[in-house]
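Nothing in this text is a laboratory measurement; each read-out follows from the coordinates by a stated rule. Please read these numbers as outputs of a predicted model, since none were measured by experiment. Cβ: placed from backbone, ideal geometry, glycine included. Neighbour counts: every protein chain shown.
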Amino acid sequence: MSLLLKNSILDAFHAPRIPLKNFFCPNHPEVYLIPKKDYFSVVDDFGDSIGFFQLPMFFSSFNFYVDLEKEDGVFSALYHEPKFHRLGGINQLGFLCSPKPESASEQTKIFYYLPQFPHTRWGHSLLTGILAELVLTRNDFSKTERDSFVLTAACHDIAMPAGGDSVIRVDPKNLSEENNFRLVMEKDGLVARLAKQFGFDILEAANWVHNLGPNGKLLDALDKIAYTTQDACYYALYTPGGRVYQYCCQHRFVMDVWQDILFDGKDVWFACSSRLFDFLLLRAYMHCDIYLNPRSRALDYVLYNQVRKHYAPEMRDQLLSWDDKQLQLWLEQKGEDSGILSPDDLSWKKFESEKEANDFAARVPKLSHTDHVKPFKTGLDWLVANGKKRTQLRFVLPKSKVVQLESLSKRHAGWYVYYYQN
C-alpha cells in the first residue's frame, strides 16, 4: 500500500467515532478542521460517516469539512450555483500526463486514457475558498470583512473555459479566465444576488483575480498552495518512487504552510521561512517533473491543436458554459480523436532561441506545434517574518537554497518544436 494513502485510511471497525459537532468553531462556522494526528471516524448527527464529504488537504495536519447546506453561508450559495458546479466537469491538469517511467525502454510506447488525473477545478476552487476563510479568520478579519474575498477566492476559476489552459492558449486574450471573470459573474444576475446577500463587490473582486493589491497577493498565494497540494498528491500516486513521491513522504506536513500566512490588509507574509522554502521546493519539483516537462506537455498540445483547427472567436460563450465532456463531444463531431493517446507519438527538440526553433520547424515535414517555456516564478520574493521586520525569502535563505530554486526555475526554459516522426 502507498505510504501516501496509509495514513489517511481508517479502520472502519475499530476507529473511534467522533461527532462532527466536536470540531465546530464559531469563528468559521461553515468550515470544520479535522485533525489527522489520530485514527478516528467523524460522524454526523445521524451517526453516518462524513468521509466522502471531507475535502482532503494533502500533506497538511488537517482535512476540511464544509457545511454546504448552512443557511446564508457563502459556501452554500456557491454549492447551489450552476456556474460553480460546471467546474466539476473541468479537469485540473487537462491532458498533462506523467513522465515515462525510468524502467520503461525507449521502444516502449505508453498510452494514456485522458485525462490521466481525476481532480477537477471544482475541488481546487473550493479548497482555495476554504483556505481564504481560515487564513482571514486566523488574522482576525470579521465575517463581513471575509465574505467578499472568500467568494472571490472560490470563484477565481469560474470563467475557466472547457479544456482548461490548453484551450486558453488558442486565444489567450479572448479566453483567459481572468479577463472573463466579470463577464461570467455578472451573467444571469449572480453578482446582484451575491452583492445583496454578502456585500460582494465585483470591481474589487476583478482586481483581486488579476492579483492586484494586497488581497490579490493573498489570492495568488492561496491559489498556488491549493493547486500544489492536490496536483502533487495525485501525481505522486501515479509515480510511486519518483522525486515528488519521495519528497512528500519525507515532508508529510509541508502544506501546513497555509497556517503560516500572516495578513494585515496591507501585505502578505509568512511566519516560517523554512516551511515556505519546503513548499516552494515541492512546487518547483512539480514544475520540472510535470508542469513544464516536455513529454508531459505533449498531449496537452494535442487538445490545443484539435480545438485550434475548428475555433472561432464567437465560440467564447460556448466554451465558458461547456465542461470537458461537452468539448470532447464537439471535437468528436468534428472528426477529432479522443480518449486513449500516447505522447510517444511525438518527438521534440529544444532550442535556445526562437529563431533556431522556427528555422527547424520550417524544415519538419510533420510539425505538431511549437512551445515557448519560460522560467517559472520561484516565490523567492515572497515576504517572511525576520524578527520584527519582513524580508524577501531570498535574503534569509542560505545561498545554496536560493541557487537551487533559481536553477530549477530555468530547468526547462527554452523553445520547443514537436513533430511526428512517421
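Rounded to the nearest whole angstrom, the semi-axes of the ellipsoid equivalent to segment 50-91, taken from the Cα gyration tensor as √(5λ), stand at 20, 16, 8, largest first.
Computed over the chain with a Gaussian network model linking Cα atoms closer than 10 Å, the most mobile of LEU33, LEU126, LEU276 is LEU33.
With Cα atoms as the point set, the radius of gyration and Dmax of segment 71-186 evaluate to 17.8, 60 Å.
Could you tell me what fraction of 2.2 N^0.38 Å the Cα radius of gyration of segment 276-355 comes to, as a two-decimal ratio?
On the way: Rg = 16.5 Å, N = 80, 2.2 N^0.38 = 11.6 Å.
Normalised by 2.2 N^0.38 Å, the Cα Rg of segment 276-355 equals 1.42.
With a 10 Å Cβ neighbour count serving as the proxy for reagent exposure, in which order, fewest first, do LYS70, LYS109 appear?
Details: LYS70 15, LYS109 11.
Neighbour counts put them in this order, fewest first: LYS109, LYS70.
At an R0 of 35 angstrom, the distance between the Cβ atoms of GLN197 and CYS272 translates into a FRET efficiency of 0.45. At an R0 of 35 angstrom, the distance between the Cβ atoms of SER103 and ARG17 translates into a FRET efficiency of 0.20.
Averaged over all directions, how much area does the convex hull of the C-alpha atoms of segment 75-124 cover when projected, in nm²? Dividing the Cα hull surface by four gives the mean projection, 4.3 nm².
Axis angle, to the nearest 10 degrees, between helix 121-138 and the longest C-alpha principal axis of the chain: 40 degrees. For the pair segment 354-381 / segment 220-246, the C-alpha centres are spaced 25 Å from each other.
At an R0 of 22 angstrom, the distance between the Cβ atoms of ARG252 and ASP38 translates into a FRET efficiency of 0.90. Full extension of the chain between ASN179 and ASP345 gives 56.3 nm of extra length, using 0.36 nm per residue less the Cα-Cα distance. Cross-link partners for LYS70 among the aspartates and glutamates, with Cα-Cα distance under 13 Å and sequence neighbours closer than 8 places in the same chain left out: GLU30.
Distance between the modelled labels on ARG308 and ASP337, one decimal in nanometres: 1.8 nm (7 Å Cα→Cβ projection).
Per residue, the convex hull around the alpha carbon atoms of segment 107-254 comes to 138 Å³.
From the P(r) of the chain, could you give the percentage of C-alpha pairs in the tail past 42 Å?
On the way: 12777 of 88831 pairs.
Taking all Cα-Cα pairs of the chain, the fraction more than 42 Å apart is 14 percent.
Of LYS173/LYS217; LYS173/LYS355; LYS173/LYS401; LYS173/LYS334, which sit over 27 Å apart, Cα to Cα?
On the way: LYS173/LYS217 22 Å; LYS173/LYS355 24 Å; LYS173/LYS401 36 Å; LYS173/LYS334 24 Å.
With Cα atoms farther than 27 Å apart: LYS173/LYS401.
Cross-link check: pairs LYS100/LYS309; LYS350/LYS399; LYS374/LYS410; LYS83/LYS187 evaluated at a Cα-Cα cut-off of 19 Å; pairs beyond the cut-off: LYS100/LYS309; LYS350/LYS399.
Can you tell me how much longer the chain between ALA206 and ARG390 gets when fully stretched, taken as 0.36 nm per residue apart minus their C-alpha distance, in nm with one decimal?
Full-extension gain reported as 63.5 nm.
A straight Cα-to-Cα reach below 20 Å connects LYS109 with the aspartates and glutamates ASP289, ASP300, ASP337, ASP344, ASP345, residues fewer than 8 places away in its own chain not being considered.
Using bins 5 angstrom wide from zero, how does P(r) for segment 379-422 break down, in % of all Cα pairs? Result, from short to long distances: 5, 19, 18, 15, 12, 8, 7, 6, 5, 3, 2, 1, 0 percent. Taking the C-alpha atoms only, the angle from helix 354-363 to the longest principal axis of the chain is near 50 degrees. For a quick check, take a GNM of the chain with Cα springs below 10 Å and name the residue from ALA104, ALA159, ALA226 with the largest mean-square fluctuation. In this elastic network of the chain, the residue with the biggest mean-square fluctuation among ALA104, ALA159, ALA226 is ALA104.
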